[in-house]
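These notes concern the structure reproduced below.
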Amino acid sequence: MGSIAPHVALLASPGMGHLIPMLELGHRLASTFSLRVTVFAVVTDASTVQSQLDQEYSVSKDILSIVLLPQVNLSSLMDQPIVIVSQIFLIMRYSMQFLRPAISSMDVPPTALIVDVFGVEAFAVADEFQMLKYGFITTNAWYLALVAHLPNINRRNEADHVRLHKPLNIPGCESVRFEDTISAFSNRDDQLLFDNYRRIGFELGRAHGLLVNTWESLEPKTLRALRDPKTMGRFLLSSRIFPIGPVVRPGQPAKQDVPRNKVLEWLDQQPAESVLYVAFGSGGTLSADQLTELAWGLKQSGHRFIWVVRPPKKDSASGSFFRLGKKTDKTPEYLPDGFVTRTQDKGLVVSTWAPQTEVLAHPSVGGFLSHCGWNSTLESILNGVPMIAWPLYAEQKMNATMLAEQLGMAVKPQKLPSSGIIRRDEIEAMVKRVMEKDGNEGKQMRFRAHDLKRTAGEALREGGSSHYMLSQMAKECEYGLEKLDEIRRGLD
Ligand code: UDP
């Protein structure tokens, strides 16, 4: 190769939950493996994304360029309302008209294109320019197995799952219980949604490689199945599996000239591992009734907490503590009246957003009540923090089951939030199970969380499994499509 660094293009679909892992991956490829990286981002609100990037994401601009593609006007494309997953898919499809010229005009043509699951439409563009095609699954291997299996499920198994609510068998992997299933099955009447998921599964099967935000020792059984031509591997014959995680945004170091964030300042005053952090990702919301029950459950537990609250999803007439416009303290209007005053010695209510990675890394935090988005899950693992799993949408119910039943670092409510309100007494009990130091269960979960943190660290260090996998994939990008077979023969 000449002296010009090989160039790799990444494509992120709308949503910070997609863009952030893609930027992190780009940063790793550029800083560790001397590749030149361009991240194309499809966005729905360019100015907000730009300001979030400026504030929260400082990357070295000479090795990594970020290009926001022109916005697609979604309303002009839809003749009827469609669910968010299908909206993202539609936006991505129409963004190809901007990606194609952007790639063809690059001074150093990229050798590879890496897309998230919503960006598989761009594999056709990669084919046109003779580029390597990689999918980056920003969640885990179990979810990848489910989606890759989707185009291949026989009708009988599908009907058993959708109509009779039987577990969905995925060859070589844990089955998925109906109550944990993804919306393509639980909402099977939405044919467009189902077809979009099936398309993702089909396209992933023709990628050259699949990068997964997990690591070998976290999901050994599923990774084995994805590689085994007798089980899931038969649907992924051309795709090499690269577990490269955990890929998460690192916490920002404190800056001398910037005042310390109020939430972190409050945490500084609390005893070690005494605070439960409560947050539902970048967009999760609860109903008014559920907010009320959660508020009293936290209060009844007697434990310290930080709660990132958002207005309820829809108003509920039965919220007996819900008194709009009659506030006696600074309680947000959608929380029980007087809640902030009554819990002020123990709790901090934060409106909308907290610096989560820094909060979870703080020594005063001892537990995380989370919607189990995969980024939040990995951030909790990387800080050895046990969890209360409160899944809301997407693949979060699978994540919750994995955390509670397979990894042993979380408790889960008896019935999932999607099937009714979780009452205050159950919430109080779950908080105590995780936070109380003398209880065996809490100790056990904390031990498991710390052990997973250790294995994540081992996977990421030089020579560790995730570092090795990323270096193999970077080597493929360095040599390009023409030499892929040769490189792979050499690696085997
Ligand atoms: N996040 C944050 N502050 C908040 C809520 C969320 O910084 O108050 C960050 C969190 O650290 C994580 C991301 O937003 O990196 C949420 O991603 P996740 O996959 O957990 O959930 P999603 O938002 O995609 O549902």
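See the values below:
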item	result
Principal axes of the chain: Cα extent on each, largest first, Å	68, 61, 50
Largest-first ellipsoid semi-axes for segment 359-408, taking √(5λ) over the Cα gyration tensor eigenvalues, angstrom	18, 11, 9
Extension reserve of the V67-D189 stretch, reckoned as 0.36 nm per residue once the Cα distance is removed	40.2 nm
Calculated P(r) tail over 18 Å for segment 1-154, as whole % of Cα pairs	60
Per residue value of the accessible surface for the chain (all protein chains in place, 1.4 Å probe), Å²	44
Among S418, F368, V434 the positive-end extreme of the charge dipole of segment 335-492 (Cβ point charges)	V434
Distance (nanometres) between label positions extended 7 Å along Cα→Cβ at Y468 and E405	3.2
Simple spin-label estimate for K415 and S282 in nanometres, 7 Å along Cα-Cβ	3.3
Solution diffusion estimate, µm²/s, Stokes-Einstein, segment 382-492, Kirkwood Rh from C-alpha pairs, 4 °C, viscosity 1.567 mPa s	77
K262 accessible area, 1.4 Å probe, all protein chains in place, Å² to nearest 10	150
Gained length - S51 relative to R234, 0.36 nm times residue gap less alpha-carbon distance	61.5 nm
C-alpha long axis of helix 288-301 to longest principal axis of the chain, angle in °	70
Probe 1.4 Å, all protein chains present, accessible-area order of I487, I241, largest first	I487, I241
FRET efficiency estimate (nearest 0.05) - Cβ-Cβ, E179 to R155, R0 25 angstrom	0.70
Largest to smallest principal axis extent of the C-alpha atoms in segment 229-280, angstrom	56, 28, 19
Globularity index of segment 65-191, i.e. its alpha-carbon radius of gyration over 2.2 N^0.38 Å	1.28
P(r) histogram, all alpha-carbon pairs of segment 201-324 included - 10 Å bins from 0, percent	10, 22, 20, 22, 21, 5
Within the accessible area of segment 329-368 (1.4 Å probe), percent carbon and sulfur	53
Distance between segment 141-202 and segment 27-42 - C-alpha centres, whole angstrom	33
Spatial separation of Cα centroids for segment 332-393 and segment 230-257, in angstrom	24
Extended-chain gain in nm, criterion 0.36 nm per residue less alpha-carbon gap, S351 and R489	44.3 nm
Rounded FRET efficiency, nearest 0.05, which uses the C-beta distance separating I4 from L164 and R0 of 56 Å	0.45
Among the listed pairs K262/K432; K346/K443; K255/K432; K221/K453; K299/K443; K221/K443, those beyond 28 Å (Cα-Cα)	K255/K432
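The values are calculated or read from the model by the stated rules, or taken from the named source; none is laboratory data. What you see is a predicted model; the values in this text were computed from it and never measured. Don't worry about glycine lacking a Cβ; one is built from the backbone with ideal geometry, like all the others, and counts go over all protein chains shown. These area figures cover heavy atoms from the full protein model, side chains too; ligands, DNA and RNA do not enter into them. Shrake-Rupley method; radii C 1.70, N 1.55, O 1.52, S 1.80 Å.
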